[in-house]
Structures are given as C-alpha cells and as structure tokens.
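Have a look at the structure below, then the notes.
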Amino acid sequence: DPIPAGWVKTSESACNGCCPYNNPRIVIKNLGILPAGSVETVCSGERLPAGWAKIGEQSCTGCCGYSIPKMVVKKIDGMPVGTVERICNGATIPNGWVKQGQETCNGCCGYSLPKFIIKRIDGLPAGSVEPICNGQSVPSGWIKISEAPCGGCCGWDLPRATIKKYTGLPAGTILNICGGQNIPSGWTKVSEQSCSCCGIYKKTVKIKKT
C-alpha cells in the first residue's frame, strides 16, 4: 500500500512471510503532526513533508533495505524568527529563510556535501540588516545595499550581499541601495554614484520614502 501523505518510512525488516510476496515489513511515522524543532531519523530517499529539512545522515546496517543510510531530519518550519539552522546541501530552504553561508562537516551529509547556514528573517523589524549569499532571490520587502567577497563562505567564491528590510520604514527615510534593482513602490530616486561596493553594478542609488 502507498505511504499516506505526511508519513515517512523509518525502517524495514524481514517478517518471515507476514507480507505478500515475502516483502519486508516497513515502519512509518507521521511527521505532519510533530511540532517545530522535532528531530527524527528516516530512510534516505523519503519525500519529506513541507517544512522539514535534512540536517545529517547516518548508517544503519540495512535497517532501510540494502545499504541505504538514514537521514536525520528536522522540522524547521515554525521556528522563531531569527533562528539559525544548519541543513544539508540539497535540502529545500523554506520560505522566509535565507542562506547566509556554508561549512564543511566531514561527510555528515553524505558524499562530502557541505552544510548550509540558514536564518529565518521573515518577521524581523523594519530596518533590519542581514547578510545573504548571492545566487538566491532577495526576499520581498528587502533590498540589497552592498556586496563583498567573503573568502569562500558561500561556496565557489560567491560573494555575500547585505540586504535591508525597507518595508515599514517611515516616510522621509533615505537609503543607499545597489544599482540594478527596481526602486520599490512608494520610494523615489534621489541620486546615484559610482562605488566598488555593489559587485558588477558598480554604483549605488539613493532613494527616499515618500
């Protein structure tokens, strides 16, 4: 029978003919009802419910069939604003979270993959400033204000950008943002100037909240 939505396989074992065609018996668990912050081990290859991410991997001597390892997974959806987590490369970064760096972990994610350092930034107050790795979209309500190399902290020599939450800032606020971005609704361009602080765009634009 198919595994119901929200449930995942956590192990399997032989059962001496208890299942048709000598199939093994599998153990499944409902992840959908567990609270934020829960950590579980599930068989690799399982489709995780939304809000869960792989944070590690461990061998289990055939407990999942053949030589398949187990994944260590965590429910990060619903964690408090400002929470920082480390998830395996390839895991889905949930909405409201951004990648801020990566680090090696000596095979803890399988195949020498690094871990991503992610942070939940939705819900932070207006004017908050955060670093994010290039290669991902700037979240809605935020805008890029600078960019700089970070010594490989984001992988493949990608630079790291600094973004600022402009949503909710009062009228009259002035920001210097990197060129190449759309000016947000409700803001007007005041001036622009050349700089070496914004990567390939090489200029900043001064904008004012009307």
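The values are calculated or read from the model by the stated rules, or taken from the named source; none is laboratory data. Note that the coordinates shown come from a computational prediction; the quantities given were computed from them, not determined experimentally. All Cβ positions, glycine included, derive from the backbone under ideal geometry; neighbour counts span all protein chains shown. All accessible areas refer to the heavy atoms of the entire protein, side chains included, with ligands and DNA or RNA removed. Shrake-Rupley method; radii C 1.70, N 1.55, O 1.52, S 1.80 Å.
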FRET efficiency, SER185 to ASP77 (Cβ-Cβ, R0 30 Å, nearest 0.05):
0.55
With θ taken as phi - 60° and the coefficients 6.51, -1.76 and 1.60, list the Karplus ³J(HN,Hα) couplings across segment 60-70 in order, rounded to whole Hz; mark glycine and proline as x.
8, 6, x, 5, 10, x, 6, 10, 6, x, 9
Cut-off 20 Å, label point 7 angstrom out along Cα-to-Cβ of CYS15: give me the residues of segment 56-81 whose amide nitrogen falls inside.
62-66
Shape call, segment 23-110: gyration tensor on alpha carbons, a/c limit 1.5:
oblate
Cα Rg over Rh - the chain, Kirkwood:
1.13
Please list, in order along segment 110-127, the HN-Hα scalar couplings obtained from phi with the Karplus expression 6.51 cos²θ - 1.76 cosθ + 1.60 (θ = phi - 60°), rounded to whole Hz, x for Gly and Pro.
x, 6, 6, 6, x, 9, 8, 9, 10, 9, 7, 10, 5, x, 5, x, 4, x
Per the 1.4 Å probe, what fraction of the accessible area of segment 79-176, in percent, lies on carbon and sulfur atoms?
52
Using label points projected 7 Å from each Cα along Cα→Cβ, tell me how many nm separate LYS29 and GLN58, to one decimal.
1.0
If amide H atoms are modeled at 1.01 Å from N in the peptide plane, then the residues at a separation of 5 or more from GLU57, or on another chain, having amide H under 5 Å from its own are VAL72
Taking Cα pairs closer than 8 Å and at least 6 residues apart, the relative contact order of segment 90-194 in percent is 23
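Between ASN95 and VAL129, what length in nm is gained on full extension when 0.36 nm per residue of separation is reduced by their alpha carbon distance? Present the calculation step by step, with values, prior to reporting the outcome.
Numbers: separation 34, 0.36 × 34 = 12.24 nm, distance 1.81 nm.
Here the segment from ASN95 to VAL129 would lengthen by 10.4 nm.
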Relative contact order for segment 20-119: what is it in percent, counting Cα pairs under 8 Å that are at least 6 residues apart?
25
Hey, can you grab everything whose amide H is under 5 Å from the amide H of THR92? Only 5+ residues off in sequence or another chain; H modelled, so Pro and N-termini drop out.
LYS54
In whole angstrom, how far apart do the alpha carbon centroids of segment 159-193 and segment 1-76 sit?
46
Relative contact order of the chain, pairs being alpha-carbon contacts under 8 Å that are 6 or more residues apart, as %:
13
ASN106 versus THR173, label points 7 Å from Cα toward the beta carbon: distance in nm?
4.4
Would you mind checking LYS119/LYS209; LYS119/LYS144; LYS75/LYS99; LYS75/LYS115 for any pair whose Cα atoms are more than 25 angstrom apart?
LYS119/LYS209
Step through the residues of segment 86-93 one at a time and calculate ³J(HN,Hα) from phi using the Karplus curve (6.51 cos²θ - 1.76 cosθ + 1.60, θ = phi - 60°), rounding each to whole Hz and writing x for Gly and Pro.
10, 10, 6, 3, x, 6, 6, 7
Could you provide, to the nearest whole Å², the per residue accessible area of the chain with probe 1.4 Å?
55
Give me, ordered by chain and number, the residues 5 or more places off THR173 or on other chains with an amide H under 5 Å from its own placed amide H.
LYS209
